[in-house]
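Reviewing the structure listed below.
The values are calculated or read from the model by the stated rules, or taken from the named source; none is laboratory data. For clarity, every value in this text was computed on a predicted model and none was experimentally measured. Neighbour counts run over all protein chains shown; Cβ positions are idealised from the backbone, glycine included. The area values use the complete protein model at the heavy-atom level, side chains included, leaving out ligands, DNA and RNA. Shrake-Rupley method; radii C 1.70, N 1.55, O 1.52, S 1.80 Å.
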Amino acid sequence: MNLNKFNSENLFTAATDLFAQLGIKLNSNTAESLSARELLGNEHFKDNPIFHAIAETYYIGTIDDSIFEA
């Protein structure tokens, strides 16, 4: 398994490549970076230094039973 992309690519590209190497198809709808507040929503985002220190987040995708039915 090649994990070198985590050193040279953005998190979305590296993570989707990792799942592809594992043979797991993801249901993804965006490759764009999101703010932590956008990804977590107001319910889970906390207004404190730790959450504000997050530079980028990516929604890699969803894994559900339909992926394993093939």
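Where residues in region 36-70 are among the small types (Gly, Ala, Ser) and at pLDDT 90 or above, which of them is least open to solvent (accessible area, probe 1.4 Å)? Step through it out loud before you land on a result.
Just the residues of region 36-70 that are among the small types (Gly, Ala, Ser), to begin with: 36, 41, 53, 55, 61, 66, 70.
So of that shortlist, the ones also at pLDDT 90 or above come out as 36, 41, 53.
Numbers: 36: 9, 41: 24, 53: 78 Å².
Only one residue tops the list, namely 36.
All told, residue 26 falls short of being open to solvent by less than 50 Å² (accessible area, probe 1.4 Å), at pLDDT 90 or above and of a type in the set (A, V, I, L, M, F, W, C). Among residues of region 18-38 that are over 22 Å from residue 64 (Cα atoms), those with a beta-carbon under 9 Å from a residue that is assigned to a helix (DSSP H, G or I) at least six positions away or on a different chain give the pairs 33/11; 33/12; 36/51; 36/52; 37/51.
Selection over region 30-70 of residues that are farther than 20 Å from residue 9 by Cβ and within 10 Å of the chain's Cα centre (by Cα) gives a count of 1.
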